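Peer 1: Quick one: structure below, then a few questions.
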Amino acid sequence: MGNDELLEKLKELFPDASIEQGNDWPELLFEHAQVADGKFLEVVQTLKSTNEFLFNYLFCETCVDWKTHFNMVYHLESTQYRHSMVLKVKLNHEQPSIDSLSFVYRTAEMHEREIFDLFGIVFTGHPNLKRIILTEDWVGHPLRKDYDDPINMIKL
Amino acid sequence: MLSFENISHGLHNWLSAIMSETPVVLIELTLVALAAITLFAALGLILVYMERKVAAVIQIRKGPNRVGPMGIFQTAADTLKLVMKENFMPDSVDKFLYKLAPFVVMITAMLILAPMPFAQGFQIWNINIGVFYVTAISSISVIGVLMAGWASNNKYSLLGAMRSGAQIVSYELSAGFAILSIVALTGSLNLNDIILSQQDGWWIFKGHIPVWIAFVIFMIAVTAETNRAPFDMAEAESELTGGFHTEYGGMRFALFFLAEYINIFIVCGIGATLFFGGWMPFHIGHWEGFNHVMDYIPSSIWFFGKTFFLIFVIMWFRWTFPRLRIDQLLNLEWKYLLPISLFNLLLITVIAIKGWHF
Amino acid sequence: MIRFLKNYFTEVFQAVKSLFLGMKLTGYYFTHPKEIITQEYPENRLTLNLSERFRGEVVMTHDEQNEHACTGCSACELACPNGTIKIINKFEINAEGKKKKAIDAFVYHLELCTMCNLCIQACPTDAIKMAQTFEHSVFNRNMLTKQLNLAGSKLREGVE
Amino acid sequence: MIEEITTAKEGEMVINIGPQHPSTHGVLHLLITLDGETIKKLEPNLGYIHRSIEKMCESLSYRQFIYSTSRMDYLSAHINNHACAMAVEKAMEIEVPERAEYIRVILDELTRIASHQLWWGAMAMDLGALSPFFYAFREREVITDIMEETCGARLTMNYMVPGGVMTDIHPNFVKHVKDFIVQFKSKIDEYDTLVTDNIIFQNRMKNVGLLSAEDAISYGTSGPTARGSGVSCDIRKTHPYSLYSKLQFEEVIETGCDSFSRYLVRVKEMKQSVKIIEQLIDNIPEGDFVAKTKAVIKLPKGEFYSRAETARGELGVYIVSEGGTTPYRIKFRSPGFSNLSALNHMVKGYKIGDLVAIMGTLDLVIPDIDR
Amino acid sequence: MGSGSLISLILAAVAFSAGGLAVAKFLTKGSTNSQKGQTYECGVPTSGSPWNQFHVGYYLFALIFLIFDVELVFMYPWAVVVKKVGMPALFEILVFVFILFMGFLYAHKKGALKWM
Amino acid sequence: MDVKITQPSLPFPGSIQDTPGGGIVLSKLDDVINWARSNSVWPLTFATSCCGIEMMSAASAKYDFSRFGFEVARATPRQADVIIIAGTIVNKMAPVLKRLYDQMPDPKYVIAMGACAISGGPFFYNTYSVVKGADHIIPVDVYIAGCPPRPEALLHALITLQEKIRSGLTRDQIRAQFSEDGK
């Protein structure tokens, strides 16, 4: 499916999300309220199992700290049709949390642990959510923009 | 002619002439001990150096060459360094067993030297069940390894020791069968008798293909018994860091290291004795002239030449093959080597009974 | 049963053959010492030819008059990703009485340098270049912090 | 960690593999629950080489940040740099000169060969065969010499810059690459004799570490790991970049799903890389080696993603720009991280010896995983 | 030389090992620190002791080996005389080996020879 | 630093030397021991990142550090003499490194290989997790600059270390001595 076609289909399926064509792929942006209470899993399941999409390959999962809010960014691809898309969810900055995708995409388990570690986003339903990269006693989440560590970080 | 036999006999006669029996025996025993220690040290240095050079040439590199000419003092430096390393023992070990294990391994290695015929008429103890003695004593060394692995209170060590235990006891069977086939051919357990039975040719040439098979099985089995690659389960550096000697350092580690090489020497010596006629020169049937020429080469050179050739083969194995997995290793023994060696033994028995060998 | 035995022995034969081929290869190398490719480092120092592009450390070129081409513009300092270069400038009063910027010390932290070549690229006057030295082992970490401009050196005439 | 000790059942043993362990190829820490010698559970513990490259890049300019990516997956340093340069070029809409593209692809493929050779040697070493390591390095040294001659460094080259390459190729480059191809082709059979055909090796690799195609996708694996499970995922084919759409080569796919097919993929991939180089080396066009760019690169506001196929799999460079001279957020989607996540699934029920073989075929580079 | 040599060999081995250890003990000096004596496990603190229960498979293994080894011992005297006795000895050992082999097959079928 | 050793075989310090009186003297036992130690430095298999690859290259056939007797890489610190810190040390790794160093029996040596091990190198600024130099954790004997250093540079460092061991001086003594020489 080409990007334009994909865009149309996505718009049809998710009328209340903001959908636009990004630099490479269609970008689907949800507000956190729209996907709260387990709805996010439904959205992802739809994307994964709808025959026209079959986004079965989560090749990148990350987070961006926009100071006022977090954006969870999921890059999805279909290994059958070779089309890709970006799924974004806006999370609030105070208590960011979102459904874990670790049972939909197994790779998400490690990615989410990393994001939890570096951004402090809580993934509900994750089987083993603890720090993976930093030590257990580390204070703070270093990839946040407001992270400051005067002892370890020497600014140039 | 100056040979080991003449020297030892001459010494014995001279000592007997000047003093009574008890001091002679005592002096001789001391001499034996000193000779054994010297042999140990020399073998350790030579074999480790040889291993490193063989490895280097196979791996298209130079190997140690900066300590002394051609790097011949490299192993001496290593030994000296290991001796001068801190004598260290971890806190959590079983102290008695931890200290005892290297001794057990060393004593075993030393004891097997007793019936080794190094040259014509030069043997520490001419025991009439020499072959049996060797198999019996060599199984003790596994106790040392198990002891070391258990006492270290380290998981890697323990796993290595358990592997080593299973491995050594399994491969002893096929090694035993391979040895038995030569015993069946000669009808004697005495190592000297076995050598003398090869006066008209070594068993490897006289005994047709079954003896070759026995020889190959023997080589595989002893490689496994000495914990050498591709059967170095017990150490398995890339899996268990150091295996049973993970917690050993300095001199104690050196003793394990040394014992490993002495064991290689011993099993290769036994292999040379059984299949290649030990110190027996290369003889062909009744070609008296040829045999006579061969006799000019001293018997000790024959023995050490053959032994070192077999040692080289074992080293060659090590630098060529990947390691087996522990269950494959046992599979190889129980599924292939044991049945084959068992039937091979029966085949050789038939040959022996019918006298079909040359 | 026959099939089983046949398979069994083919298996054994194949296995032995593959092992034998491997041993033949290593045996080939063992018997052909001329395949050895070892270069003996400290002995071959004089004949060691490194590529002229090899990046060993940053040096400042000085000519016979002890003059260099560094104007102290600190383009390299800005280009450096991890603060390897520190330029300390001073103001000299030249013959005409005008104040002129010149480098006091071109401090180079070899212990930080990643030889990424970005400073060389940034330098507008080609004052610095990469040298092919690599024997930087020292006992003391402080010895790795270097001052690249030689004592008493000054800016070459005509370099702006 | 502490809870697990107390919950370990009778006869089970919790054992640490790494951070300092010869077969983890770096500082990976695996916490393994054993029953006898059978692995019941494996939990990777990362971060022993987490150097916060992503955070650091937020304060580096677009010219500078490329060098730090060579230190991530140092065995595919060129390809990493290529991916970063592509991301910047894409955002800036820079047209890369054709000569630069040729040089880039040749170097990428040389890097891939070098990486696979090192993997091959290290893999054999993990399995206890030490000599292959030296034979592999003999050929690899030829490549590093070529790299050194042209790029100035042996391992972490920093040769790609936004818009092209840093300097033109060395005059001897073409000749030396051709020499290398001749040498490589004459020696590649030795690899097979020594390792691939070896019965011990085959027994250790076959039917070990099974990863079905479905799992491979679900675990997000890429590169030879996924292709060994029959998943087509070569970015050079599925999303061609640079010159790859014009080149003739096959995507190597094995359907064995076990360690041996992953092994075969890599060995065959080396041959494919040689094929690619052969197509390019004779017709490097004349022209500029770098496009004209401004001294200070400023990316437009937006998000840019570029993908490249490293020796280990798919590398993604995700740049979020606010329009300044430094990235606002940068994320490296490293292939090793996802490949590692499949390890627990793959080793369950196998022995410690198999763990080494499986980890070997995943070809993990730990700084790539931790970043 | 008689069996007395064994004692001298044992003493030689002990002297050799103990000598080396004594040199190491008296001539070297070491340092102490709190971590030195701890168990090495790839540089992280170890968890639990390896001295706990063993898998029963290990004992099975040892038992089977014991059986085979004892059988092997019986075969030594046989091997010595087989040439003199001739064919009857062969048939006797065939029966012996057959029984042994059946036991081996049984153990194999039962999976006692599988490494855990 | 200049490499002084040009002949392939090093002089054995304990060798018999002729004295004017016609007698012979043996050099001190310490010299012999230092000679042995300097020629038998077994490294620990420890590598964290890029420099580890160059360490492997130094082990490979072309550079072959076995010529110096270094090839006996031990996986366990109990048997190792030198720890070559090849790569970045991060905060999480620091206790592990310390532990490994502590668990080595004396005498033990440390080589810091590459910019990261010396000072944090490329990751000195703006990173929150990198240790700014391995000598903050364990004492380092020899530093090699480079990122990563060539295999020859590692060999050079090993020769430098040999020189240090042979001199029998402590870390501070040798530092003081060579700082005067301008090394």
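The values are calculated or read from the model by the stated rules, or taken from the named source; none is laboratory data. Predicted model, so just to flag it, every value in this text is computed and none were measured. In this analysis, Cβ positions are derived from the backbone assuming ideal geometry, glycine residues included, and neighbour counts consider all displayed protein chains. For accessibility, only protein heavy atoms count, side chains too; no ligands or nucleic acids. Shrake-Rupley method; radii C 1.70, N 1.55, O 1.52, S 1.80 Å.
Peer 1: Kindly state, to the nearest 0.05, the FRET efficiency for A:H69 paired with B:I72, given R0 = 56 Å and r defined as their beta-carbon distance. Kindly include the intermediate steps, with their values, before the conclusion.
Peer 2: On the way: r = 72 Å, r/R0 = 1.29.
Calculated value: 0.20.
Peer 1: Now a separate question. Hey, if we sort D:E12, C:E96 by accessible area with the 1.4 Å probe, largest down, what's the order?
Peer 2: Heavy-atom accessible area, descending, gives C:E96, D:E12.
Peer 1: Per residue, how large is the accessible surface of the protein assembly as shown? Use a 1.4 angstrom probe and give square angstrom.
Peer 2: 35 Å²
Peer 1: Can you send over the solvent-accessible area of E:W51, 1.4 Å probe, protein chains only, in Å² to the nearest 10?
Peer 2: Rounded to the nearest 10, that gives 90 Å².
Peer 1: Number of Lys pairs in the stretch C:1-118 with C-alpha atoms less than 21 angstrom apart, excluding same-chain neighbours closer than eight positions?
Peer 2: The number of close lysine pairs in the stretch C:1-118 is 8.
Peer 1: Here is a further query. Give me the accessible area buried between chains C and D, both sides summed, with a 1.4 Å probe, in Å² rounded to the nearest 100.
Peer 2: 2200 Å²
Peer 1: Turning to a different aspect of this structure: Working with all protein chains in place, sort D:H82, A:H32 by solvent-accessible area computed with a 1.4 Å probe, largest first.
Peer 2: Highest to lowest solvent-accessible surface, that is A:H32, D:H82.
Peer 1: So, R0 is 41 Å and r is the distance between the beta-carbons of F:Q177 and A:L156; what FRET efficiency does that work out to, to 0.05? It would help to have the intermediate numbers written out before the result.
Peer 2: Numbers: r = 35 Å, r/R0 = 0.86.
Efficiency, from the Cβ-Cβ distance: 0.70.
Peer 1: Using a loss threshold of 10 Å², tell me which positions in the stretch D:316-332 are less accessible in the complex than in their chain alone. Probe radius 1.4 Å, ligands and nucleic acids ignored.
Peer 2: The answer is D:Y318, D:V320, D:E322, D:Y328, D:R329, D:K331.
Peer 1: Per residue in the stretch F:91-113, which ones lose no less than 30 Å² of accessible surface when going from chain alone to all protein chains (1.4 Å probe)?
Peer 2: Those are F:N91, F:K92, F:M93, F:V96, F:R99, F:L100, F:D102, F:Q103, F:P105, F:D106, which lose 30 Å² or more relative to the chain on its own.
Peer 1: Looking at the stretch A:87-107, which residues lose a minimum of 50 Å² of accessible area between their chain alone and all protein chains in place, measuring with a 1.4 Å probe and not counting ligands or nucleic acids?
Peer 2: A:R106, A:T107
Peer 1: How much of the accessible area of the stretch C:70-128, probe 1.4 Å, is carbon plus sulfur, in whole percent? Spell out each step's value before the answer.
Peer 2: Numbers: 1430 of 2640 Å².
Exposed carbon and sulfur together represent 54 percent of the surface.
Peer 1: Additional query: What's the total accessible area buried between chains E and B, using a 1.4 Å probe, rounded to the nearest 100 Å²? Please report the intermediate quantities before stating the final value.
Peer 2: Details: alone 10600 and 17670 Å², together 21760 Å².
Answer for the E-B pair: about 6500 Å² buried.
Peer 1: Please give the residues of the stretch B:47-87, grouped as numeric ranges, whose backbone N is less than 14 Å from a label point set 7 Å along the Cα-to-Cβ vector of F:L29.
Peer 2: B:83-85
Peer 1: OK, next. Measure off 7 Å from each Cα along the Cα-to-Cβ vector at B:M294 and A:T135, then give the distance between these two points in nanometres to one decimal.
Peer 2: Inter-label distance under the simple model: 7.0 nm.
Peer 1: Next question, about the same structure. Restricting to DSSP H runs of at least four residues, report the calculated mean residue ellipticity at 222 nm for chain D, -39500 (n - 2.57) per run over all residues, nearest 500 deg cm²/dmol.
Peer 2: Result for chain D: -14000 deg cm²/dmol, rounded to the nearest 500.
Peer 1: So for D:R266, A:R106, what's the accessible-area order with a 1.4 Å probe, most first?
Peer 2: A:R106, D:R266
Peer 1: Leaving out ligands, DNA and RNA, what percent of the accessible area of chain D is carbon and sulfur, probe 1.4 Å?
Peer 2: In chain D, the share of accessible area belonging to carbon and sulfur is 51 percent.
Peer 1: Continuing with this model, one more query. If you count only protein heavy atoms and use a 1.4 Å probe, how large is the accessible surface of D:R154, to the nearest 10 Å²?
Peer 2: 10 Å²
Peer 1: Tell me, for chain C, which Cys residues have no other cysteine's C-beta sitting closer than 4.7 Å.
Peer 2: Within chain C, the cysteines lacking a partner Cβ under 4.7 Å are C:C70, C:C73, C:C80, C:C113, C:C116, C:C123.
Peer 1: A follow-up question, please. I'd like the accessible area for C:H68, computed on protein heavy atoms only with a 1.4 Å probe and all protein chains in place. Round to 10 Å², please.
Peer 2: Here the residue's solvent-accessible area equals roughly 0 Å².
Peer 1: Further question: State, to one decimal in nm, how far the label point of B:A17 lies from the label point of E:Y106, with both points 7 Å from Cα in the Cβ direction.
Peer 2: The modelled label-to-label distance comes out at 6.7 nm.
Peer 1: So how much accessible surface do F and A hide from each other in total, probe 1.4 Å, in square angstrom to the nearest 100?
Peer 2: Counting protein atoms only, the buried area is about 1000 Å².
Peer 1: Hey, another quick one. Computing the accessible area with a 1.4 Å probe over protein heavy atoms, can you report the carbon and sulfur percentage for the stretch F:133-177?
Peer 2: 49 percent
Peer 1: Right, next: Pop a pseudo-label 7 angstrom from the Cα along the beta-carbon direction at both B:I209 and C:K101 and give the gap in nm to one decimal.
Peer 2: 8.9 nm
Peer 1: Counting only pairs 8 or more places apart or on different chains, how many lysine pairs in chain B have C-alpha atoms closer than 19 Å?
Peer 2: Close lysine pairs found across chain B: 7.
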